[in-house]
Amino acid sequence: MEYTSWDSLFNTLKSKDFFKDLISFLDEEYKNKIIYPPRELVFNAFKLTPLDKVKVVIFGQDPYPNPNEAMGLAFSVNNGIKVPPSLINIYKEIIIEFNLKCSVPRSGDLTYLADQGVLLLNAYLTCVAHQPLSHANDLYKKFFIDVLYVLNRIHRPIVFLLWGSNAKRYHKYLNNPMHLVIETNHPSPLSANRGGWFNSGCFKKTNDFLIKNNLTPIDWFPPSTQK
């Protein structure tokens with residue numbers, strides 16, 4: 001089946017047992033525990049980046065586990081929230097790759113990327129407060145197999161950035177010759193400082209691929225901070 005929108009995919013998913021189980025699981029977790037992001041933002045990435053606008057998919061691990069951080073976009077936090085270490089490393093790598101003469105932005109809101117066609121996903125869309133990977137379960141794995149099936153069948157250039165081991169395991173579902181898959185370490189300090197993140201060139205490689213295919217490259221830095 002060919003899907004023309006995320007709504008059409010989600011309408012199909014509603015009839016699948018694993019998705020029903022996932023929603024029931026989330027209902028129970030949100031009822032009894034503090035879960036991030038807020039319930040209404042769990043699928044925020046799909047709402048902000050329509051299927052027909054996707055040019056880049058960033059795949060991380062799971063949401064920030066601290067209060068007021070997770071907002072349903074991987075690595076993103078609302079304005080006014082201190083930029084988390086993983087996002088600081090993302091900004092630092094962008095500065096390195098494009099030789100930007102600026103400091104790390106104070107805003108961690110990555111909605112400007114979602115607006116450009118960057119689908120900001122985590123391998124697990126939720127977590128219990130202060131407990132990373134607490135929702136690492138097979139229900140999310142099944143969900144993302146279906147999501148990547150849809151993306152893999154799109155006959156236009158798309159770049160997939162798989163950051164960290166939880167994202168890399170999905171590489172086997174991506175085999176469209178029109179697409180580019182780039183794997184790196186996760187940008188979290190623990191992972192990035194081991195190598196495989198800084199100087200990876202993932203952002204520049206992405207833009208080079210988009211330009212080669214006559215697509216507008218991504219402005220990776222918040223527009224207000226570019227100089």
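If each DSSP helix of 4+ residues adds -39,500 (n - 2.57) and the sum is divided by the residues in the chain, what number results at 222 nm, nearest 500 deg cm²/dmol?
Helix contribution divided over all residues of the chain: -10000 deg cm²/dmol.
Among rounded, prolate and oblate, which fits segment 6-212 when a ≥ b ≥ c are the square roots of the eigenvalues of its C-alpha gyration tensor, a/c under 1.5 means rounded, and a/b larger than b/c means prolate?
oblate
If you add up the charges near ASN152, with Lys and Arg at +1 and Asp and Glu at -1, over every other residue whose beta carbon is less than 11 angstrom from its beta carbon, what do you get?
+1
Give the order of SER15, SER76, SER200 when sorted by the count of other beta carbons within 10 angstrom, beginning with the fewest.
With the fewest neighbours first, SER15, SER76, SER200 line up as SER15, SER200, SER76.
With charges only on Cβ, +1 for K and R and -1 for D and E, what is the dipole size of the chain about its Cα centre, in debye, rounded to 20?
Computed about the Cα centre, the dipole is about 460 debye.
In the chain, if the dipole is taken from +1 on Lys/Arg beta carbons and -1 on Asp/Glu beta carbons about the Cα centre, which of PRO50, HIS155, LEU73 is farthest to the positive end?
Result: HIS155, furthest along the dipole toward the positive end.
Quick check on segment 63-177: take the gyration tensor over C-alpha atoms, sort the square-rooted eigenvalues as a ≥ b ≥ c, and tell me if it's rounded (a/c under 1.5), prolate or oblate.
oblate
Taking other Cβ within 10 Å of each residue's Cβ, how do ARG39, ARG156 sort, fewest first?
Listed from fewest to most nearby Cβ atoms, that is ARG156, ARG39.
Would you mind telling me the antiparallel percentage of the DSSP bridges in segment 6-212, rounded to 5?
So the antiparallel bridges in segment 6-212 amount to around 20 percent.
Order 159-165, 16-22, 111-117 from most to least packed using the mean count of other Cβ atoms within 10 Å.
Final packing ranking: 159-165, 111-117, 16-22.
State, as an integer percentage, the relative contact order of the chain based on alpha-carbon contacts under 8 Å between residues 6 or more apart.
About 23 percent, as a whole number.
Quick check on segment 98-164: take the gyration tensor over C-alpha atoms, sort the square-rooted eigenvalues as a ≥ b ≥ c, and tell me if it's rounded (a/c under 1.5), prolate or oblate.
Oblate, because a/c is 1.5 or more while a/b does not exceed b/c.
Hey, which lysines would be in cross-link range of LYS55, C-alpha to C-alpha under 18 Å, not counting anything within fewer than 8 residues on its own chain?
LYS47, LYS204, LYS205, LYS212
Using alpha-carbon pairs under 8 Å, 6+ residues apart, how would you state the relative contact order of segment 49-136 in percent?
The value is 45 percent.
No lab work stands behind these numbers, since they all come straight from the coordinates. Quick caveat, the model's predicted, so the values are computed rather than measured. Glycine gets a Cβ as well: all are built from the backbone with ideal geometry, and neighbour counts include every protein chain shown.
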